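Here's the structure, in structure tokens; my notes come after.
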Amino acid sequence: MFTGENIKELRVKLGIQQTELAEKLNTTVHTIRYWEQNPNVSIKSKYEPILKLLLEENVYDENMVLVNDGFFKKIKENLARIPFLRDAIALYFCAVAPETPIKMKAIAFAALAYFIMPIDAIPDAIPIAGFTDDAAMIIGAIATLESIMTDEYRIKAEEWLNKLT
């Protein structure tokens with residue numbers, strides 16, 4: 001059973017606005033706002049199947065799987081080519097840490113997923129310029145997560161890189 005608190009968390013997790021959630025649930029923005037302003041209110045069961053489907057389609061989960069499957073492979077293949085590796089690895093360790101809030105994990109995994117995709121705004125195959133957009137994504141995510149980006153993650157990144165070299 002979903003509550004108003006769950007609705008706000010779900011919306012934040014999915015990265016969607018109240019209007020988009022209202023449309024998906026075939027309800028009004030007023031209803032979504034009411035739910036979010038009243039965290040203990042129970043959501044009618046008729047919305048439950050759609051809410052569960054939204055959770056299953058969650059982009060965060062897809063990004064997490066993508067990153068877990070390809071992140072370290074990309075790092076190992078590009079050790080000498082990517083100057084911001086320590087930052088990317090530290091961001092990964094922050095993303096997988098259990099204490100990292102789900103909203104922050106979503107931001108980190110989105111940036112890391114962008115990083116491991118070979119074809120993006122500037123394809124990685126283009127010498128020098130190929131990783132500039134990836135660097136911007138990683139640095140932007142780190143700046144956003146600065147409040148939780150501890151030295152612990154940076155130390156783990158350094159230790160992991162030292163094992164490879």
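Screening ILE148 with (1) part of a loop (DSSP other than H, G, I, E, B); (2) loosely packed, with under 12 Cβ neighbours inside 10 Å; (3) without any contact (Cβ under 8 Å) to a residue 60 or more places away in the chain gives one miss only, at (2). Output yes when any residue across the range 40-58 is among the basic types (Lys, Arg), in the same structural domain as GLU152 (by TED's automatic domain parsing) and not in a loop (DSSP other than H, G, I, E, B), and no when none is. The answer is no, given that none of the residues of the range 40-58 is among the basic types (Lys, Arg), in the same structural domain as GLU152 (by TED's automatic domain parsing) and not in a loop (DSSP other than H, G, I, E, B). Between LYS156, LYS163, the distinction of being loosely packed, with under 15 Cβ neighbours inside 10 Å, not in a loop (DSSP other than H, G, I, E, B) and not polar (S, T, N, Q) belongs to LYS163 only. For the range 106-127, filtering for residues that are among the hydrophobic types (A, V, I, L, M, F, W, C) and assigned to a loop (DSSP other than H, G, I, E, B) leaves 6. Looking at ALA143, ALA108, just one residue is at pLDDT 90 or above, surrounded by 13 or more Cβ atoms within 10 Å (Cβ to Cβ) and not acidic (Asp, Glu), and that residue is ALA108. Applying the condition of being among the hydrophobic types (A, V, I, L, M, F, W, C) and within 17 Å of THR144 (Cβ to Cβ) to the range 65-88 and asking which residue is surrounded by the most Cβ atoms within 10 Å (Cβ to Cβ) yields ALA88.
Taken as a whole, the range 81-94 holds no residue that is free of Cβ contacts under 8 Å to residues at least 12 places away in the same chain and within 30 Å of THR3 (Cβ to Cβ). Selection of the range 1-36 for residues being modelled with pLDDT under 90 and assigned to a loop (DSSP other than H, G, I, E, B) yields MET1, PHE2, GLY15, ILE16. For the range 36-64, a residue qualifies if it is of a type in the set (D, E, K, R) and either in contact (Cβ under 8 Å) with a residue 60 or more places away in the chain or surrounded by 14 or more Cβ atoms within 10 Å (Cβ to Cβ) (or both), and the qualifying residues are GLU36, ASP61. Scanning the range 75-93 for residues that are of a type in the set (Phe, Trp, Tyr) and either outside any helix (DSSP H, G or I) or outside the structural domain of ALA141 (by TED's automatic domain parsing) (or both) gives a single hit, PHE84.
Under the condition of being of a type outside the set (A, V, I, L, M) and surrounded by fewer than 17 Cβ atoms within 10 Å (Cβ to Cβ), which residue from the range 7-23 is farthest from the chain's Cα centre (by Cα)? Filtering first and then ranking leaves GLU23.
The values are calculated or read from the model by the stated rules, or taken from the named source; none is laboratory data. Here the structure is a predicted model, which is why all the values come from computation and not from measurement. Cβ sites come from the backbone with ideal geometry, for glycine too, and all protein chains shown count toward neighbours.
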